[in-house]
Amino acid sequence: MALPLLFSDAVMRQHTIRKAVSLEGVGLHSGKTVRVMLAPAPADSGIVFRVGERGDAIPAVPESVVDSHYATTIGKNGTRIQTIEHLMAAASGLGIDNLEVRVDGTELPAADGSAKPFVQMMLAAGRMPQSARLRPIRIPHPIGAGGNGRWIQIVPAETFRISYTLDNEHPVIGTQVLSWTPTEESFVAEYAPARTYGFLKDLGFLRKSGRALGGSLDNTIVIGKTATLNGLRYSDEFVRHKVLDLIGDLALLGGPIAGHVIARNAGHALNFELVVAIQRALGLALDNTIVIGKTATLNGLRYRDEFVRHKVLDLIGDLALLGGPIAGHVIARNAGHALNFELVVAIQRALGLDRRAALRAAAVSAVKEAAEALVPARRLATT
Ligand SMILES: [Zn+2]
């Protein structure tokens, strides 16, 4: 199976799920029971959240993030959906790119505090390849955020890799270090099940400020003075959960990443700073190229059909090689410079030696007018 986490230069296709599936549970922060339904989505649509059947579509992209403290929250027009990161991590880990996510509340179910229940849901729904290609994200140069003991950076690399240090003075956590090149198998077995954690001493404060209202021993590793109250799935489950959150947050970029992330004591806020910094670094190309993201261009459009206009602009440039105005109707489909030039050569051959005279005789100013109208159309590229 094509696996976005395992970045390679091979042609990789996008994936969605085969059928709708749902899951019900309590929201970690709201404490309310919520149901989430996943449904297949078309290629290039990305992961799109919606509250209810008719709620606004909220694409899981950096522009939708409205809060990144304690959990990653997206929103639009006053609607918010909290704690999307574990579902996002599950989708990313399984290479599911396009997904419709319907929630009947404002938070995803906490489930068991990990991404495992979402992974099981998506595996039960089945994965379906789509014809559209994935758009890998190549990191152009080292990019970082944070400082003073809490930082995150990404450096260019051939594959996706994460090296993480979690350093906590609490004896139950201590220093946990790992370095991992994700594969689907290791994601499912060793990272997706790592649970959220919290300190027993903080619970009162969190509850008073309206957070962790749904937190319980069923969905959070609760850390007491000298031990956890509910065991551990892995001896280094804490740092594994940090990595899981990071994968969920990086999934906002909407494509497999060729880069090595190195982090120390980062959280959602720093993860999101990195996501924005990566976007900005990729955006250096925005001045002279339409950059197409998963669900929209990153820098708008001058015309709704700017793509085909730019194709026409290229065509006019290539036909200018003939050296005169053309009395003829050019009809093309998905042509490029190579085909344009074939046409130029074929026209030359058809005209024979009288080419220049014939062209001059057939003076048509429409080409010039069209060229003027089309000059603002920019060339396009994909991220
Ligand atoms: Zn988490």
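The values are calculated or read from the model by the stated rules, or taken from the named source; none is laboratory data. Quick caveat, the model's predicted, so the values are computed rather than measured. Here Cβ is always computed from backbone atoms with ideal geometry, including for glycine, and neighbour counts include all displayed protein chains.
For this structure, a couple of remarks:
- Within the range 195-245, the set of residues being within 24 Å of V34 (Cβ to Cβ), in contact with a helix residue (DSSP H, G or I) (Cβ under 8 Å, 6 or more places away or on another chain) and either assigned to a helix (DSSP H, G or I) or among the basic types (K, R) (or both) comprises R195, L244, D245.
- Criterion: within 16 Å of the ligand (Cβ to nearest atom), in the same structural domain as R211 (by TED's automatic domain parsing), at pLDDT 95 or above and surrounded by 22 or more Cβ atoms within 10 Å (Cβ to Cβ) - qualifying residue of I154, I84, I96: I84
- Condition met for I58 (without any contact (Cβ under 8 Å) to a residue 24 or more places away in the chain, closer than 18 Å to R35 by Cα and either within 13 Å of the ligand (Cβ to nearest atom) or crowded, with 16+ Cβ neighbours inside 10 Å (or both)): yes
- Residue that is nearest to the chain's Cα centre (by Cα), among those in the range 141-188 that are without any contact (Cβ under 8 Å) to a residue 12 or more places away in the chain and under 16 Å from L270 (Cα atoms): G147
- Residue satisfying all of: in the range 71-89; free of Cβ contacts under 8 Å to residues at least 60 places away in the same chain and outside any loop (DSSP other than H, G, I, E, B); nearest to H29 (Cα to Cα) among these: Q82
- Hits in the range 211-254 - residues which are away from the ligand (no atom under 15 Å from the Cβ) and of a type in the set (A, V, I, L, M, F, W, C): L213, L217, A227, L229, L232, L253
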